[in-house]
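Below is one structure, written out as structure tokens, with a few remarks after it.
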Amino acid sequence: IEGRYGFINSKGDIVIEPIYEIASNYSEGLALVVTGGKRGFIDQKGDMVIEPKFDGGSSFSEGLARVLVNGKHGYIDKKGDIVIEPMYEQAQDFTEGLALVRHNGKFGFIDKQGNFIIKPEYDKAWSFSNGRARVAVGNKVGYVDTAGNIVIKPQYEGASIFSEGLAFVSINGKVGYINEKGKVVIEPQYEGASNFENGYARIYEKHKMGYIDRKGNYIWNPTDATLATELCAPPF
């Protein structure tokens, strides 16, 4: 059906007819689908195992899925039962056992029983990754651990997740890298940057793009950003 979504197998055969307004990829054995404007979940046979009755939601993560009911976010289990009451203004999926939620205008983190492990006291926050979550006090960003301890105080204009032990941060409009203790290991000097992957990171300097190693040495000197993008991958 034109404009509808279904599922095919690896051979290209249709195994679930395209009857849904929206469909997500499968996660933890279930796929979120939209029919009649409502969200529900189907199994890999295409059977509707959680009836479409939610106004919004996301795929399952760590056994729970976020749902929207009457403008508030909560969580359901794989039986479709509400296990954390819809009461949050905003919410994200569970990662590393915790979910980011917004309550009374502030951000904090709850466990799978709905208890606040990190009180909602931050002006902005991001989900956990590698044991750290970014949190903002005013317009400054820092990091907390899963117990809510501030491990790197909010002091950056912007910051990324940690990848391969490093995160890029913005200080006075320039981007550099810190380690998990908050020590600057590559001085802020770039216009933009990416996370490290396989020992290398992409950086932008004077509107040109290059690649550096974990010590900040260029392994591909900055060149025209448009050309560099078209090259698809650096020569290593």
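The values are calculated or read from the model by the stated rules, or taken from the named source; none is laboratory data. Quick caveat, the model's predicted, so the values are computed rather than measured. Because the Cβ atoms are built from the backbone with ideal geometry, glycine has one as well, and the counts that use them run over all protein chains shown. Just the protein is used for accessible areas: all its heavy atoms, side chains included, with ligands, DNA and RNA removed. Shrake-Rupley method; radii C 1.70, N 1.55, O 1.52, S 1.80 Å.
Overview of results
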{"read-out": "Members of the range 35-53 found to be in contact with a Lys or Arg (Cβ under 7 Å, 6 or more places away or on another chain) and either acidic (Asp, Glu) or open to solvent by 50 Å² or more (accessible area, probe 1.4 Å) (or both), listed by number", "value": "Lys38, Lys53"}
{"read-out": "Some residue of the range 126-140 being in contact with a Pro (Cβ under 6 Å, 6 or more places away or on another chain), more than 19 Å from Ile76 (Cα to Cα), among the hydrophobic types (A, V, I, L, M, F, W, C) and open to solvent by 30 Å² or more (accessible area, probe 1.4 Å)", "value": "yes"}
{"read-out": "One residue from Gly80, Gly148, Gly108 being in contact with a strand residue (DSSP E or B) (Cβ under 8 Å, 6 or more places away or on another chain) and in a strand (DSSP E or B)", "value": "Gly108"}
{"read-out": "Residue selected from the range 185-202 under the condition open to solvent by less than 70 Å² (accessible area, probe 1.4 Å) and in contact with a Gly (Cβ under 6 Å, 6 or more places away or on another chain), by the criterion nearest to Glu157 (Cα to Cα)", "value": "Pro188"}
{"read-out": "Flag for Ile82 being touching a residue at least 24 places away in the same chain (Cβ under 8 Å) and not aromatic (Phe, Trp, Tyr)", "value": "no"}
{"read-out": "Neighbours by Cβ (under 6 Å, 6+ apart or cross-chain): first from the range 115-132, part of a strand (DSSP E or B); second crowded, with 20+ Cβ neighbours inside 10 Å and of a type in the set (Ser, Thr, Tyr)", "value": "Arg132/Tyr143"}
{"read-out": "Selected residue (criterion: farthest from the chain's Cα centre (by Cα)) from residues of the range 44-101 that are among the polar types (S, T, N, Q) and farther than 18 Å from Tyr26 by Cβ", "value": "Asn70"}
{"read-out": "Set Ile14, Ile19: member being farther than 25 Å from Phe128 by Cβ, in contact with a strand residue (DSSP E or B) (Cβ under 6 Å, 6 or more places away or on another chain) and open to solvent by 70 Å² or more (accessible area, probe 1.4 Å)", "value": "Ile14"}
